Amino acid sequence: FVFVTSVKLTGQNASDFAITNFTADPHLIGREEKRDVLIKYNGSIDGAKAELNLIYNGNKVLKIDLTSRLPPPPTTSTTTTTTTSTTSTTTSTLYPPPNSIRVEMERVFFANAGVSNEDMSTISGRTIRWGRVVAIANTDTPEIFQTHRYGSDFAYTIGNLTPANKFRVTIGFSEIYDPNCLVGKRVFDILINNIIVKSNLDVFASAGCRTAHLEYFNDTVADESGRIKIGFRKTLDNAMVSYIEVQEPVVIQQTTAPTEASMEPITTTTTPLPKREITINAGTSSEDISIVTGTSGTFSKLSLEIKETPNDISPSTFKTHRWGTNFTYTLKEFAPFQPVTIVLGFAETYAPNCAPGMRLMDIHVNGILKVSQLDVFSAAAGCLTAHLETITAVADLEGNVALSFLRKRENAMVSYIHASTAMSL
């Protein structure tokens, strides 16, 4: 994936050009997906020049030179807009741009962990290879999942990557050791750059026995030395892995020379993504049970007085919370890849945890670690004090946002959840 954060025009005649189909909102462009940037020229000079600057994956810049070509005879551009309470449609008569952008994923590392010794230079920690020829479900390449590398604590360090760039990491597993084909027999953590990105993975519970299972980490950032360290640490029995693939998004500029046919005006219609908001009072609402998975319960102490509560959230919200070792809220009906802002509310109301380090938790969104080792008491500077965490994320391909709360010490908990996205093209 490529995460485009900004598209803008610069140069001598930039004011005469206009981007018609990109807003200021971020755009996530998937593998082999083609996305056109439509440029409209409003001037009267043939050969006017400007630059299109596309900012992606943090601070990377792709610059595309633009030159106006006036068609004979000129065609007047028209724009009509119809607005309702939640959606609007814009129809424009445009000239197709000579440049378009395509994104491809380039493999930069692959390890068939249970077979290859070629990856040994990248492994730290003691490991053993093991395999058996059995039928594997849910895959077109069963031979990869018939073997694995296992150990109590080991890691792959992949180097020679672009520092600070984002990569897609895919990790494959299959439980083929029959004694572990029970829930809770083999449990382990996955770490990337020494941070837990998947806690207490139980491959059998996730997929069943002799069935391929994949974990994706789409926004993995290489460190300043251009390395990604992928670690596996056992909780019960040994950690294991069948294969690892690391891919780098590559932006390809395609240039098409103007032709007589390409100078004909075209009409495009775009419909903005609808605004969506979800608010959950996690400690009191029974309506959210259908979207919560994992073991959790609720706790309340309504006689308490909570300090520092925001004006737009009822103080009573922070007197209750949902708690558990590992639970997830799945928020649905967003548009695929739509940017979402999430506000989470907490207050430490359980007296035994009113000290630094007594309750620690991680928060993940769609499998990506967003908040590590959150200590509500320390973050709020005291007990019975409201604390908010604001997270930006992107909905997945199905329009879902999965909020996971994982305990590191004591139980994880949350009092308030608000997710919203502004209307955008």
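All of the numbers you see were taken from the coordinates with simple rules; none came from a lab. Bear in mind the structure is a predicted one, so any value in this text is a computation, not a measurement. In this analysis, Cβ positions are derived from the backbone assuming ideal geometry, glycine residues included, and neighbour counts consider all displayed protein chains.
The table for this structure:
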{"read-out": "Segment 151-228: C-alpha gyration tensor shape, a/c 1.5 cut-off, then a/b vs b/c", "value": "prolate"}
{"read-out": "Label zone at residue 209, where the point sits 7 Å out along the Cα-to-Cβ direction: segment 156-186 residues whose backbone N lies under 12 Å", "value": "175-183"}
{"read-out": "In Hz, Karplus ³J(HN,Hα) per residue of segment 188-203 (6.51, -1.76, 1.60; θ = phi - 60°; x = Gly, Pro)", "value": "7, 9, 10, 10, 10, 6, 6, 10, 5, 10, 9, 9, 6, 5, 10, 4"}
{"read-out": "Computed magnitude of the charge dipole of segment 134-251 (debye, nearest 20; Cβ of K, R +1, Cβ of D, E -1)", "value": "180"}
{"read-out": "Positive minus negative residues near residue 147 (Lys, Arg vs Asp, Glu; Cβ under 12 Å)", "value": "+2"}
{"read-out": "Test item: Cα-centred dipole of segment 106-165, Lys/Arg +1 and Asp/Glu -1 on Cβ, debye", "value": "220"}
{"read-out": "Residue pairs, from the table 275/370; 166/370; 63/275; 166/332; 198/234, whose Cα atoms sit over 20 Å apart", "value": "275/370; 63/275; 166/332"}
{"read-out": "23 Å Cα-Cα reach of residue 301 towards lysines, excluding residues that sit fewer than 8 places from it in its own chain", "value": "319"}
